């Protein structure tokens, strides 16, 4: 995996989140994932095809997802993780991927994305793209979440 | 949504199950699904873009996944969370969707579908949710257990 393809994703995510009102969001860590277990119960997966082939997964806890959905809708309370926050989080992932893809285009890589799919469940084991996954941690007022990037 | 999207995937699944896994598919029932469905515990996801945008899901129970992995590798497994079971599932999803996409592209010149690499999710109470995608499922009965095939295609892009 080439590191020059990672920054467009980090910038894409920070741009979109700032635009949606998550002002305090910061990148808190970067790691390579060797194990398969994800400790988060909400995962949104978006596929990449074209100049880059792989998957991008946003993963977080249910509470964080509710908080983010609430911020996205101008502070409206989101007590339950039902259809509305699910839809909001999917839209967030879609915007992040779209923004990242246009950043990638600037460095000469044409990429197409698939629509987002949200997977939620308990004690999840996941394997993304059968390749090493780079995990970038973000944290803000809404809680912390991970951006997993698996590129072939 | 029209069932035309799922037919190539069903055809590919039946032939791969028969030729590669020696599993006869006895019957298939179609189900229209909304924008979400509940998993049996083990799901392989392959995305596609091009003339159609969407996702292909191969969904089964943990036991079925272990059975399929065993017939591919010849080993036995105690839990579906073992790496080889996940890898076998991913490979099966890749082969089936690869076959289906080839079929679709050959019959529809200019559609030019391409696949994303497969991902596997397994766990308890898994549920899938697709925004703005409507999907159609076919439930296949095999000797290894029930296998659900779900194809979700973006609306307005038919």
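Only the coordinates and a few stated rules stand behind these numbers; no lab work does. The structure presented is a predicted model; accordingly, all values stated were derived computationally and were not measured.
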For all pairs of alpha-carbon atoms in segment A:5-69, what percent lies in each bin of width 10 Å, listed from the first bin to the last filled one?
-> 15, 48, 34, 3
In whole angstrom, largest first, the equivalent ellipsoid semi-axes that the Cα gyration tensor gives for chain B are 24, 17, 14
What are the radius of gyration and Dmax of chain A, computed over its Cα atoms and given in Å?
-> 14.4, 43
Can you tell me the 0 to 90 degree angle between the C-alpha axis of helix A:83-106 and the longest principal axis of chain A, rounded to 10?
-> 30
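Mean separation of Cα pairs under 8 Å and 6+ residues apart, divided by the residue count of segment B:7-154: what relative contact order is that in percent? Mind dumping the intermediate values first?
Values: 300 pairs, mean separation 59.2, N = 148.
Computed value for segment B:7-154: 40 percent relative contact order.
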How far is the Cα center of segment B:8-73 from the Cα center of segment B:86-154, in Å?
-> 6
Compute the relative contact order of chain A as a whole-number percentage, counting only Cα pairs closer than 8 Å that sit 6 or more residues apart in sequence.
-> 39
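Taking a cut-off of 35 Å, what percent of all Cα-Cα pairs in the protein assembly as shown are separated by more than that? Kindly include the intermediate steps, with their values, before the conclusion.
Working: 7638 of 47895 pairs.
Across the protein assembly as shown, Cα pairs with separations above 35 Å total 16 percent.
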